[in-house]
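Worksheet: the structure to be examined is printed underneath.
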Amino acid sequence: MSVDASIALLSWYAVDKRQLPWRAEPGETPDPYRIWLSEIMLQQTTVAAVRPYFDKFTSRWPSVEALAAAEDSEIMAAWAGLGYYARARNLVACARRVAGEHGGRFPDNEAELRKLPGIGRYTAAAIAAIAFGRRAVVVDANVERVVSRLFAVDAPLPGARERLYALTETITPETQSGDFAQAMMDLGSAICTPRAPDCGRCPLAPLCAARAAGTQAIYPVKAAKAPKPRRDGVAYWLEHDGHVRLVRRPAKGLLGGMLALPTDDAPAEAAWREAGSVDHVFTHFALTMRLLCAESDRRDPDGIWWPIARIGEAGLPTLFARLAARGSEWRNAA
Ligand code: SF4
């Protein structure tokens, strides 16, 4: 199975691979900076969502040194809307480590890559394989799905993760493991999809245990999820003379380091009025945030006051961009 699977998959990939802006064309040398950046952005995020951010980042900061020299606030604002903001904070920290301690060159092996901020087991393997041609076992959610079907793995995720890793190891080739990893991801994205795998087009079909049994739909088996806890919060839209009061959130914690509307404690004594609420789902909980709005007759000189007409340029994370849209509606209706 192992050699057959990798040969079949690599032959298919040579013809049918996706064109992605971070991928090297045949004959080109992969750029570790672009591969690292794309892998961080792609964590829990779709290719379609990542593309415009990748283009923006690489045209503005074309090298890891350029990114390392940027202001934190510029990078956080450029990341706004992509979500999972701890990634952006780690991105900055990692770029500075690579620029400052590694002479601007990413380490070329998994063990050293994993010492860098924001680079875990999957990302280290992906960079080592794709950027440096190392043999590495690269397992993301797409690969887990393909392998669970290929071998008809009945144990449920997340407990089955190590088993799926070990099985992926058995089919990872000695050479071209970067192409193999990308081929598995493409297969999972285009053919071995979650709901309706297109087995008739799959290069692994003759080897696939789930296909032989007609049980593709049950894999990967997943343990029942506990419902996400719900939380409630309050945000404040305080405006004065065409400006709205913003805060920079503490570096650590939810949406850390991002500009946002004030939350929890009112930023001033004022006649606060309800302006509805916004629901938002984070990784570990679901949040309903009420919005209270008011006009202030003065500005506190130490606060961040942002022009409301240019609120779209503040780089607010999605939750606060939606709340700000409500604040603007309140303002127009007032
Ligand atoms: S044959 Fe079907 S289920 Fe099996 S790996 Fe291919 S697409 Fe997935």
- Task: Take every Cα pair under 8 Å in the chain that's 6+ residues apart, average their separations, divide by the length, and report that relative contact order as a whole percent.
- Result: 17 percent
- Would you work out the relative contact order for region 19-102, in percent, from Cα pairs under 8 angstrom that are 6 or more residues apart? 27 percent
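Can you give me the accessible area per residue for region 2-218, using a 1.4 Å probe, in Å²?
44 Å²
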- Can you give the accessible area of D4 in Å² (nearest 10), computed on protein heavy atoms with a 1.4 Å probe? 90 Å²
- Query: Using helices alone, what [θ] at 222 nm do you get for the chain, with -39,500 (n - 2.57) per DSSP H run of 4 or more residues, divided over all residues and rounded to the nearest 500?
  - Reply: -13000 deg cm²/dmol
- Item | Efficiency of FRET between L10 and A325 - r from beta-carbon atoms, R0 45 angstrom, step 0.05 | 0.40
- Query: Roughly speaking, to the nearest percent, how much of the chain's 1.4 Å accessible area is carbon and sulfur?
  - Reply: 51 percent
- Note on the structure: With label points set 7 Å from each Cα along the Cα-to-Cβ direction at V221 and D198, the distance between them in nm comes to 3.0 nm
- Karplus-derived HN-Hα couplings along region 294-299 (A = 6.51, B = -1.76, C = 1.60, θ = phi - 60°), whole Hz, x at Gly and Pro: 7, 9, 10, 8, 7, 10
- How much accessible surface area, in Å² rounded to 10, belongs to the heavy atoms of F151 with a 1.4 Å probe? 60 Å²
- Span per principal axis, largest first, for the Cα atoms of region 230-333 (Å): 39, 27, 25
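Looking at region 70-131, which GluC sites (Glu not before Pro) are DSSP coil and have at most 11 other C-beta atoms within 10 Å of their C-beta?
Filter output for region 70-131: E71.
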- So what are the ³J(HN,Hα) numbers for region 21-33, from phi and the Karplus equation (6.51, -1.76, 1.60; θ = phi - 60°), rounded to whole Hz, Gly and Pro as x? x, 8, 8, 6, 6, x, x, 8, 8, x, 9, x, 4
- Message: Please report the spacing between the Cα centers of region 115-155 and region 1-76 in Å, no decimals.
- Response: 15 Å
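I want to verify the translational diffusion coefficient of the chain in µm²/s; compute it with Stokes-Einstein, Rh as the Kirkwood radius over Cα pairs, at 4 °C and 1.567 mPa s.
Answer from the Stokes-Einstein relation: 58 µm²/s.
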- Query: Roughly speaking, what is the stretch gain from A49 to H280, that is 0.36 nm per residue apart minus the C-alpha to C-alpha distance, in nm to one decimal?
  - Reply: 81.4 nm
- Number of Lys-Lys pairs in the chain under 26 Å by Cα, sequence gap 8 or more or different chains? 4
- Task: For E295 and D72, compute 0.36 nm times the residue count separating them, minus their Cα-Cα distance, and round to one decimal in nm.
- Result: 77.2 nm
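The values are calculated or read from the model by the stated rules, or taken from the named source; none is laboratory data. Predicted, not measured: the structure shown is a model, and the values here were computed from it. Glycine gets a Cβ as well: all are built from the backbone with ideal geometry, and neighbour counts include every protein chain shown. Remember, those area values only see protein heavy atoms, side chains included, never the ligands or the DNA or RNA. Shrake-Rupley method; radii C 1.70, N 1.55, O 1.52, S 1.80 Å.
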